[in-house]
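The values are calculated or read from the model by the stated rules, or taken from the named source; none is laboratory data. Source: prediction; values computed, not measured. Ideal geometry is used to build each Cβ from the backbone, glycine not excepted, and the neighbour counts take in all protein chains shown.
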Amino acid sequence: MKKVVIIGSGPAGLTAAIYTARGGFKPLVITGRAPGGQLMETTVVENYPGYPEGIMGPDLIDLMRKQAERLGAEFINGDASSVDFSGKPFKVTVGSAVHTGDAVIIATGASARWLGLKSEEKLKGRGVSSCSTCDAFFFKDKHVVVVGGGDSAIEEALLLAKFAKDVLIVHRRDKLNASKMMQDKAFSNAKIKFRWNSQVIEILGETKVQGVRLKDTVTGETAEIKCDGVFIAIGHTPNTALFKGQLELDDKGYIITKGGMSTSVRCIFVAGDVYDYIYRQAITAAGSGCRAALDAIKYLESEENS
């Protein structure tokens, strides 16, 4: 029996662990199938405060975990297979063990959608990215490709255009899915070009991105385009399958907040990209982890004093 159980171990979950541990509640952190979250796939993080020379994503996660452990947080390296939020104590199952708590903080994050190519997997962090805010700076005066046609893809392209020499948007249809305002911005930007009715079937390069192989979705013809980076912008999927029927979710599957970091179930809190589909940054995830922890501490202390 724990006072606080935290599901997820990215910046949101680890910050929540640090704050609840400092608050006197030794939290149990269930790391998930991908401990550390999306930062584990990031190379140099240059926009996290306190690291003027930058820091590797996995190193930042390691430091956060060590800090949480030093303060008293406990960790289970595993993935939650089911939850029961129907009544207290709340139950979280990991493998054959059932862990219980008076409060749960959900920080399971969101997963970027990828193309599913072997070459894409091989070159992640070596020119393949899903976050222009994280990596645009590294492509100053370079040629980049953005895959996608929605608002997310246009946002990526517009930011990249501030740094890159040129940006090519590759879309499998003959028109964008983005809002008219976003389309107007893209069409009026001289650095942004378009490749319609095309899909990336291979990312070229051995140790870094050197180009892409495209297939025309109408004619089937293939072509190679040289580039230095490929940004996949076909959306994110919140990791909320575990909570369907347990918590209120929006139509995209993100957890809905009910004041502060509370959810539709009293004393279940949320933090990070599992509810935030707008900012999706390590620092905003960490900030929401702090908020969720403070909300949980306030609730638990009020229960103890009642």
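Please count how many residues of the stretch 79-107 are out of contact with any Lys or Arg (no Cβ under 7 Å at 6 or more places or on another chain) and closer than 14 Å to Gly36 by Cβ.
1
Quick one: in the stretch 220-275, which of the residues that are modelled with pLDDT of 95 or more and hydroxyl-bearing (Ser, Thr, Tyr) is nearest to Ala12 (Cα to Cα)?
That would be Tyr275.
Inside the stretch 196-226, can you point out the residues that are over 25 Å from the mean Cα position of the chain (by Cα), over 19 Å from Phe138 (Cα atoms) and acidic (Asp, Glu)?
Asp216, Glu221, Glu224
Which one of Asp250, Asp228 is within 23 Å of Gln38 (Cβ to Cβ) and in the same structural domain as Ser288 (by TED's automatic domain parsing)?
Asp250
Of everything in the stretch 275-305, what is more than 18 Å from Lys26 (Cβ to Cβ) and hydrophobic (A, V, I, L, M, F, W, C)? Give them in sequence order.
Ile278, Ala282, Ile283, Ala285, Ala286
On the basis of being over 29 Å from Tyr275 (Cα atoms) and either polar (S, T, N, Q) or assigned by TED's automatic domain parsing to the domain that holds Ile6 (or both), does Gln199 make the cut?
In short, yes.
Does Lys124 qualify as being farther than 30 Å from Ala293 by Cβ, at pLDDT 95 or above and assigned by TED's automatic domain parsing to the domain that holds Glu224?
It is false that Lys124 is farther than 30 Å from Ala293 by Cβ, at pLDDT 95 or above and assigned by TED's automatic domain parsing to the domain that holds Glu224.
Out of (1) free of Cβ contacts under 8 Å to residues at least 24 places away in the same chain; (2) crowded, with 17+ Cβ neighbours inside 10 Å, what's the single condition that is false for Cys131?
Going through (1) free of Cβ contacts under 8 Å to residues at least 24 places away in the same chain; (2) crowded, with 17+ Cβ neighbours inside 10 Å one by one, Cys131 breaks only (1).
Here are some residues: Thr219, Thr257, Thr237, Thr207. Which one is of a type in the set (Ser, Thr, Tyr) and outside any loop (DSSP other than H, G, I, E, B)?
Going through Thr219, Thr257, Thr237, Thr207 in turn, just one is of a type in the set (Ser, Thr, Tyr) and outside any loop (DSSP other than H, G, I, E, B): Thr237.
I'm checking my understanding of the structure. Among residues of the stretch 87-108 that are hydroxyl-bearing (Ser, Thr, Tyr) and in contact (Cβ under 8 Å) with a residue 60 or more places away in the chain, which one is surrounded by the fewest Cβ atoms within 10 Å (Cβ to Cβ)?
Thr100
Hey, could you check the stretch 272-306 for residues that are surrounded by 24 or more Cβ atoms within 10 Å (Cβ to Cβ) and in contact with an Asp or Glu (Cβ under 7 Å, 6 or more places away or on another chain) and say which is farthest from Asp59 (Cα to Cα)?
Here the residue is Ser288.
Check Val98 against each of (1) part of a strand (DSSP E or B); (2) touching a helix residue (DSSP H, G or I) at 6+ places or on another chain (Cβ under 6 Å) and name the one condition it does not meet.
Evaluating Val98 over (1) part of a strand (DSSP E or B); (2) touching a helix residue (DSSP H, G or I) at 6+ places or on another chain (Cβ under 6 Å) leaves (2) as the failure.
Scan the stretch 172-204 for residues that are part of a loop (DSSP other than H, G, I, E, B), of a type in the set (Phe, Trp, Tyr) and buried (at least 17 other Cβ atoms within 10 Å of the Cβ) and report the count.
Selection size over the stretch 172-204: 0.
Are any of the residues in the stretch 164-171 in a helix (DSSP H, G or I), over 19 Å from Lys122 (Cα atoms), out of contact with any Cys (no Cβ under 8 Å at 6 or more places or on another chain) and assigned by TED's automatic domain parsing to the domain that holds Lys124?
no
Could you tell me whether Phe269 is assigned by TED's automatic domain parsing to the domain that holds Asp295, assigned to a strand (DSSP E or B) and crowded, with 17+ Cβ neighbours inside 10 Å?
Here the answer is yes, as Phe269 does meet what is asked.
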